[in-house]
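Notes follow the structure.
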Amino acid sequence: MPSWVEILSGGPPKDDIPALARVVRVGDREWPLTRLAEEGVTTEAGVTLSWTAGQASALDSQRIADGKDVGNVRVKNADGNDLPHDVIFSFAYHAFWPDGEWILSS
């Protein structure tokens, strides 16, 4: 596991994605949350990702209810079963999955 020094000095995420942009990680693949918010639902790489509004960020204001709506994400496999996934910042994905696949567009 990389140290914090390595994480912070590992350079910016790929394709000029802001370091604090939220991304959805499924295995070693990543989708930008902004893309999912625009599309609503996408099916790629054997998974279906869906985004719906309604979850406030706990990091944007003193009151969570006043935070930015970052939405809810659901990930399912081809059989319709829920899959484990993370919603993390792009710098963390870049640091811990440096050889991961960034799925930026359909």
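The values are calculated or read from the model by the stated rules, or taken from the named source; none is laboratory data. Quantities reported herein were computed from a predicted structural model and do not represent experimental measurements. For neighbour counting, all protein chains shown are included, and Cβ atoms are generated from backbone atoms with ideal geometry for every residue, glycine included.
Residue pairs, Cβ under 6 Å, 6 or more apart or interchain, first in the range 83-100 and part of a loop (DSSP other than H, G, I, E, B), second surrounded by fewer than 16 Cβ atoms within 10 Å (Cβ to Cβ) and not aromatic (Phe, Trp, Tyr). List them.
Between residues of the range 83-100 that are part of a loop (DSSP other than H, G, I, E, B) and residues that are surrounded by fewer than 16 Cβ atoms within 10 Å (Cβ to Cβ) and not aromatic (Phe, Trp, Tyr), the close pairs are 83/77; 97/28; 100/28.
What number of residues in the range 15-37 are more than 8 Å from residue 102 (Cβ to Cβ), in a helix (DSSP H, G or I) and not basic (Lys, Arg)?
The total comes to 5.
Residues in the range 46-82 that are more than 14 Å from the chain's Cα centre (by Cα), part of a loop (DSSP other than H, G, I, E, B) and surrounded by 13 or more Cβ atoms within 10 Å (Cβ to Cβ): how many?
Total satisfying the criteria: 3.
Hey, can you tell me all the residues within the range 60-86 that are β-branched (Val, Ile, Thr) and modelled with pLDDT under 95? Even if it seems obvious, please write down each step before you answer.
Our first condition is that a residue be β-branched (Val, Ile, Thr); within the range 60-86, this holds for 64, 70, 73, 75.
64, 70 - these are the residues of the range 60-86 that are β-branched (Val, Ile, Thr) and modelled with pLDDT under 95.
Just give me the residues in the range 27-45 being buried (at least 20 other Cβ atoms within 10 Å of the Cβ), in contact (Cβ under 8 Å) with a residue 60 or more places away in the chain and not charged (D, E, K, R), in sequence order.
31, 32, listed by residue number.
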